[in-house]
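Peer 1: Please find one structure pasted underneath; my questions will follow.
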Amino acid sequence: MTSTLRFMPNTLPAAVSRNFAKLQEAADHAAHNFSQGAANARAEMLRRIVEHCAKFQTVDLGRSIGQAALSLTLYFASIAGLIALVKTGFWPIALLLSPVAGLLLVKLFTIQHDCGHGSYFKNKRASHALGFLISILTFTPYGFWRDAHNRHHASSGDLDRRGVGGVDTLTVEEYRALSPAKRIIYRVYRHPVVMIVIGAPLYFFLLQRLPLAGPMPFAEVYHGMKLRQIWRSVATLNLALVAFYGGLSLWLGLGTVALVFLPVVTVAAWTGTWLFFVQHQYEDTYWAAKPEWNYAEAAIFGSSHYKLPTPLRWFSGNIGLHHIHHLASRIPNYRLMECYKASEDLLSLPVMTIRDSIRCARLALWCTERRQMVSFSAA
């Protein structure tokens, strides 16, 4: 009704025009009050959620040790089985079964992830020790990844602090301002085949062997990390990888090690990268510039609840409850579902299904006018 009133012709009689003006003023006032009321309700809900999640930021040492022991045992048992199959000539069967070990490696990555947040053990040294040991299996430099990922948490959804630890995302205006060559680079980078199928294993196997943390060629607005912050973590892991996998190769043969670990790590890379991508790159996510940007809003409305089947929730360490994790990263993965089920506010928030997530692959730009992620065709 408001839009109709705004476009009434100016040729109406004065009395009628005054009536329309008063009606327009009343409509604007009502809209403002409704908007303010909705904002207050949203703020109150966020306050309740913050207070609720804070209660679950406690470590259960027994559950942490038990989960790590079980996950490591299952992973190494699956690897031993794959090695036995390859050594006896049944390598095609080993390839078919490698996704199982790959999913177990995703589970181990979630434990490494919790260690980086300090949510797995109360003791920092124990967390860092376990995180580093698992990093040899995940091919991910623990110290560098921990620092970059915590920066991602601190700046998620902030248009003024994009860069480290997240998926590079440009606004429509920034994309339009790029040169034709840089537009091509960005389009290639954002293509699902390049980012997930090719880029994920390339990143885990090769790029993480290099102390790289600068902005992409198309992203002048981005900030990287200084070389001295990452070279030691990268170099230390590289030496550990040479010692561990080199030793295995001398014992079992390079071909056996390659046939077992390359597919397993590739499956884990595909799975982990997809999970990370869709949990921030959905249509109604949250991006804002200061002073509008708000940490709690960015966490709850800029991180999805990716509703996965129960087995996948276990393999992924409940990371589908990403909005809770971003708000309170010290909640251990095994307490996220408990936290979720105990809050009516959290239960009322929208979820993303696997079918919904497939549609996220086409989204590539943030539209500040529509406040949505959009595809290149919509830009």
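The values are calculated or read from the model by the stated rules, or taken from the named source; none is laboratory data. Keep in mind that this is a model prediction, so the values were computed, not measured. Here the Cβ is made from the backbone with ideal geometry for all residues, glycine too, and neighbour counts use every protein chain on show. Side chains are part of the model used for accessible areas, which takes the heavy atoms of the whole protein and leaves out ligands, DNA and RNA. Shrake-Rupley method; radii C 1.70, N 1.55, O 1.52, S 1.80 Å.
Peer 1: Quick one: how many residues across the range 333-358 are under 24 Å from His191 (Cα atoms), out of contact with any strand residue (DSSP E or B) (no Cβ under 6 Å at 6 or more places or on another chain) and in contact (Cβ under 8 Å) with a residue 60 or more places away in the chain? Spell out how you get there, then give the answer.
Peer 2: Restricting attention to the range 333-358, the residues satisfying the condition of being under 24 Å from His191 (Cα atoms) are 352-358.
Now restrict to residues that are out of contact with any strand residue (DSSP E or B) (no Cβ under 6 Å at 6 or more places or on another chain): 353-358.
Adding the requirement that they be in contact (Cβ under 8 Å) with a residue 60 or more places away in the chain leaves 356-357.
Residues flagged as under 24 Å from His191 (Cα atoms), out of contact with any strand residue (DSSP E or B) (no Cβ under 6 Å at 6 or more places or on another chain) and in contact (Cβ under 8 Å) with a residue 60 or more places away in the chain within the range 333-358 amount to 2.
Peer 1: Kindly evaluate Trp287 against the criterion of being of a type in the set (Phe, Trp, Tyr) and either buried (at least 21 other Cβ atoms within 10 Å of the Cβ) or in contact with a His (Cβ under 8 Å, 6 or more places away or on another chain) (or both).
Peer 2: Numbers: of a type in the set (Phe, Trp, Tyr): yes; either buried (at least 21 other Cβ atoms within 10 Å of the Cβ) or in contact with a His (Cβ under 8 Å, 6 or more places away or on another chain) (or both): yes.
Yes.
Peer 1: Next question. List the number of the failed condition for His149; all other conditions in (1) open to solvent by less than 30 Å² (accessible area, probe 1.4 Å); (2) touching a Leu at 6+ places or on another chain (Cβ under 9 Å); (3) within 18 Å of Val234 (Cβ to Cβ); (4) part of a helix (DSSP H, G or I) hold.
Peer 2: Result: His149 passes all but (2).
Peer 1: Out of the residues in the range 170-186 meeting the condition of being in contact (Cβ under 8 Å) with a residue 40 or more places away in the chain and loosely packed, with under 15 Cβ neighbours inside 10 Å, tell me which one is farthest from the chain's Cα centre (by Cα).
Peer 2: Arg176
Peer 1: Taking the criterion of being surrounded by fewer than 22 Cβ atoms within 10 Å (Cβ to Cβ), assigned to a helix (DSSP H, G or I) and out of contact with any helix residue (DSSP H, G or I) (no Cβ under 6 Å at 6 or more places or on another chain), would at least one residue in the range 313-330 satisfy it?
Peer 2: Yes, the range 313-330 has at least one match.
Peer 1: I've got another one for you. Given the residues Tyr203, Tyr175, which is the only one that is outside any loop (DSSP other than H, G, I, E, B), of a type in the set (Phe, Trp, Tyr) and in contact with a Lys or Arg (Cβ under 7 Å, 6 or more places away or on another chain)?
Peer 2: Details: Tyr203 fails: in contact with a Lys or Arg (Cβ under 7 Å, 6 or more places away or on another chain).
Going through Tyr203, Tyr175 in turn, the sole match is Tyr175.
Peer 1: Go through the range 357-379 and count every residue that is of a type outside the set (A, V, I, L, M), open to solvent by less than 50 Å² (accessible area, probe 1.4 Å) and within 21 Å of Gly157 (Cβ to Cβ).
Peer 2: Initially, the range 357-379 is screened for residues of a type outside the set (A, V, I, L, M), giving 357, 359-360, 362, 366-372, 375-377.
In the following step, the residues that additionally are open to solvent by less than 50 Å² (accessible area, probe 1.4 Å) were identified as 357, 360, 366-367, 372, 375-376.
Subset that is within 21 Å of Gly157 (Cβ to Cβ): 357, 360, 366-367, 372, 375.
Count: 6.
Peer 1: Answer yes or no as to whether Ser98 is in contact with a Ser or Thr (Cβ under 9 Å, 6 or more places away or on another chain), farther than 30 Å from Ala328 by Cα and either open to solvent by less than 20 Å² (accessible area, probe 1.4 Å) or not in a helix (DSSP H, G or I) (or both). Reasoning before the result, please.
Peer 2: Values: in contact with a Ser or Thr (Cβ under 9 Å, 6 or more places away or on another chain): yes; farther than 30 Å from Ala328 by Cα: yes; either open to solvent by less than 20 Å² (accessible area, probe 1.4 Å) or not in a helix (DSSP H, G or I) (or both): yes.
Criteria met by Ser98.
Peer 1: Being out of contact with any Lys or Arg (no Cβ under 6 Å at 6 or more places or on another chain) and of a type in the set (S, T, N, Q) is the requirement here; does Ser343 meet it? Working first, answer last.
Peer 2: On the way: out of contact with any Lys or Arg (no Cβ under 6 Å at 6 or more places or on another chain): yes; of a type in the set (S, T, N, Q): yes.
In short, yes.
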